Amino acid sequence: MKHFISIHDLSVDEINEIFELSARLKKYLKEGKEHHYLKGKILGMIFTKSSTRTRVSFEVGMYQLGGYSIFLSSNDIQLGRGESIQDTARVLSRYLDGIMIRTFSHKDVIDLAEYGSIPVINGLTDLMHPCQVLADLFTIKEMKGCLKGLKLAYIGDGNNVANSLLHGCAKTGVDISVATPKGFECDSPVIEEAKTDAALSGSSIVLTNNPAEAIKDADAVYTDTWVSMGQESEKQERLKVFKPYQVNEELFSLAKKDALFLHCLPAYRDYEVTEGVIDGPNSVVFDEAENRLHVQKAIMLKLMGDFKDPV
Ligand code: CP
Ligand code: NVA
C-alpha cells in the first residue's frame with residue numbers, strides 16, 4: 001500500500017489487515033496502552049471543504065500514535081490562490097511524512113500522489129469517501145461478527161459515499177442494493193469496478209430506483225445527505241426529488257428486525273432520515289463515527305509506519 005485513494009486499489013488481504021490492526025489499536029486505546037508507532041512523523045491535512053469528524057479523528061489519531069499533524073485550510077495556503085497541485089505536492093513532500101486531503105476533484109488527489117513522494121490519503125472527494133466506508137464496514141463486522149453474505153441497502157443519492165460503499169461491499173463480499181432516483185445513480189466507472197470485484201468475492205450488486213425493493217431483508221441500511229458539499233445551489237430541487245427516498249420507520253421496517261442503521265454524518269433529520277430511525281435502537285451512527293479514528297490510525301500506520309507489523 002503506497003497511498004489510500006480508493007478501496008478498489010486495496011487487496012482483500014490489505015482490507016483484512018487494516019481491520020485487524022484497527023481492532024488492536026482500539027483495544028490499546030481503551031486499555032490506556034501507549035502506542036506511539038508514528039513517533040516523529042508529521043501528517044499534513046489539506047481541506048478545501050468543511051469537516052468535523054475527518055479533521056478531528058485524523059488529528060487526534062496522529063497525536064495518539066505519537067506523531068503530529070498540521071491543518072492546512074485552502075483558505076490559508078497558496079493552493080487556494082492558484083498554486084498548482086503539482087508544486088504543492090513537491091513542496092509538501094520535502095516537509096511531511098504523509099498528506100490527507102479532502103477536496104472536490106478526485107483527480108487532484110491522484111495528482112497529489114503522482115507528483116509528491118509521500119503517502120496520500122483520500123479524506124473525501126466528489127467521487128469517493130473511502131476512509132468513511134472502511135470504518136463503516138469495520139463497524140458492521142464488529143456488530144454482526146462477519147461481513148460476507150450480509151446485505152447492505154443504500155437509499156438516496158448516488159454520491160461519494162455510495163460509490164465507496166459499492167467498492168467496499170464488492171471487495172468484502174457484502175451484497176449491496178442501491179436505490180437512487182433516476183438521474184442520481186452512482187458513477188458508471190465505479191459500478192464497473194465494483195462488478196469486477198463482486199465477481200471475485202461472490203457478492204451481488206443490485207441498482208434500482210425502488211427503495212422498498214432495495215431495503216427488503218437488509219442486514220444494514222445506509223443513507224447520506226441529499227445535498228452534498230458543493231451542491232448547495234441545487235438544494236430545493238434535490239429536496240423534492242429525494243422525498244420518496246427518506247429512511248423513515250415505515251421503510252426501515254422492511255429491513256431485517258435486527259438491521260443496523262448507518263449514516264456517515266452529518267445527518268439532516270426529517271430529510272434523508274427520521275429521528276425515529278437515526279435515534280432509534282438499531283442506529284450505530286456514533287460507533288461508526290468513533291471507528292473513523294481507529295480505522296484511520298490503522299491506515300496511517302500501514303502507510304507511514306517503518307515496520308511491517310508493529311503491534
Ligand atoms: N463523515 C464525515 O466525513 O464527516 P465530516 O464531514 O464531519 O468530516
Ligand atoms: N456526501 C457528503 C458526505 C459528507 C461526509 C458530502 O460529500 O458532503
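Worth a mention:
- Odd one out for MET62 among (1) open to solvent by 50 Å² or more (accessible area, probe 1.4 Å); (2) more than 22 Å from ASN160 (Cβ to Cβ); (3) in contact (Cβ under 8 Å) with a residue 60 or more places away in the chain: (1)
- Residue match in segment 229-245 (condition: of a type in the set (A, V, I, L, M, F, W, C), within 14 Å of ligand 1 (Cβ to nearest atom) and either out of contact with any helix residue (DSSP H, G or I) (no Cβ under 6 Å at 6 or more places or on another chain) or open to solvent by less than 40 Å² (accessible area, probe 1.4 Å) (or both)): yes
- On inspection, ASP224 passes the criterion of being within 26 Å of THR48 (Cβ to Cβ), modelled with pLDDT of 95 or more, of a type in the set (Asp, Glu) and buried (at least 22 other Cβ atoms within 10 Å of the Cβ).
- Any chance ASN248 is modelled with pLDDT of 95 or more, open to solvent by 30 Å² or more (accessible area, probe 1.4 Å) and in contact with a Lys or Arg (Cβ under 8 Å, 6 or more places away or on another chain): no
- Positions within segment 169-201 being open to solvent by less than 10 Å² (accessible area, probe 1.4 Å) and touching a residue at least 60 places away in the same chain (Cβ under 8 Å), in sequence order: ALA179, THR180, PRO181, VAL190, ALA194
- No other residue among LYS243, LYS235, LYS182 is among the basic types (Lys, Arg) and in a loop (DSSP other than H, G, I, E, B) apart from LYS182.
- Qualifying residue in segment 86-95 (condition: part of a helix (DSSP H, G or I), of a type in the set (A, V, I, L, M), within 16 Å of ligand 1 (Cβ to nearest atom) and in contact (Cβ under 8 Å) with a residue 12 or more places away in the chain): no
- Scan of segment 138-168 for residues that are at positive phi and crowded, with 24+ Cβ neighbours inside 10 Å, ordered by number: GLY156
- Qualifying positions in segment 47-73 - within 16 Å of ligand 2 (Cβ to nearest atom) and outside any helix (DSSP H, G or I): PHE47, THR48, LYS49, SER50, SER51, THR52
- Residue among GLN132, GLN78 that alone is surrounded by fewer than 14 Cβ atoms within 10 Å (Cβ to Cβ) and out of contact with any Pro (no Cβ under 9 Å at 6 or more places or on another chain): GLN78
- Residue count, segment 122-179 (criterion: among the small types (Gly, Ala, Ser) and assigned to a loop (DSSP other than H, G, I, E, B)): 6
- Within segment 188-213, restricting attention to residues that are in a loop (DSSP other than H, G, I, E, B) and more than 22 Å from the chain's Cα centre (by Cα), the residue that is nearest to LEU127 (Cα to Cα) is ASN209.
- Residues being of a type in the set (Lys, Arg) and either in contact with a helix residue (DSSP H, G or I) (Cβ under 8 Å, 6 or more places away or on another chain) or within 13 Å of ligand 1 (Cβ to nearest atom) (or both) - total across segment 126-148: 2
- Residues in segment 61-98 that are closer than 30 Å to TYR28 by Cα and in contact with a Leu (Cβ under 6 Å, 6 or more places away or on another chain): GLY61, MET62, LEU65, GLY66, GLY67, SER69, GLY98.
- The residues on offer are ALA255, ALA259, ALA298, ALA267, and the sole one that is open to solvent by 20 Å² or more (accessible area, probe 1.4 Å) and among the small types (Gly, Ala, Ser) is ALA267.
- Odd one out for SER84 among (1) surrounded by fewer than 24 Cβ atoms within 10 Å (Cβ to Cβ); (2) among the hydroxyl-bearing types (Ser, Thr, Tyr); (3) under 17 Å from HIS263 (Cβ atoms): (3)
- Residue that is on the phi < 0 side of the Ramachandran plot and crowded, with 19+ Cβ neighbours inside 10 Å, where the choices are SER11, SER22: SER22
The values are calculated or read from the model by the stated rules, or taken from the named source; none is laboratory data. Keep in mind that what you see is a predicted model, and the values were worked out from it rather than measured. For neighbour counting, all protein chains shown are included, and Cβ atoms are generated from backbone atoms with ideal geometry for every residue, glycine included. Just the protein is used for accessible areas: all its heavy atoms, side chains included, with ligands, DNA and RNA removed. Shrake-Rupley method; radii C 1.70, N 1.55, O 1.52, S 1.80 Å.
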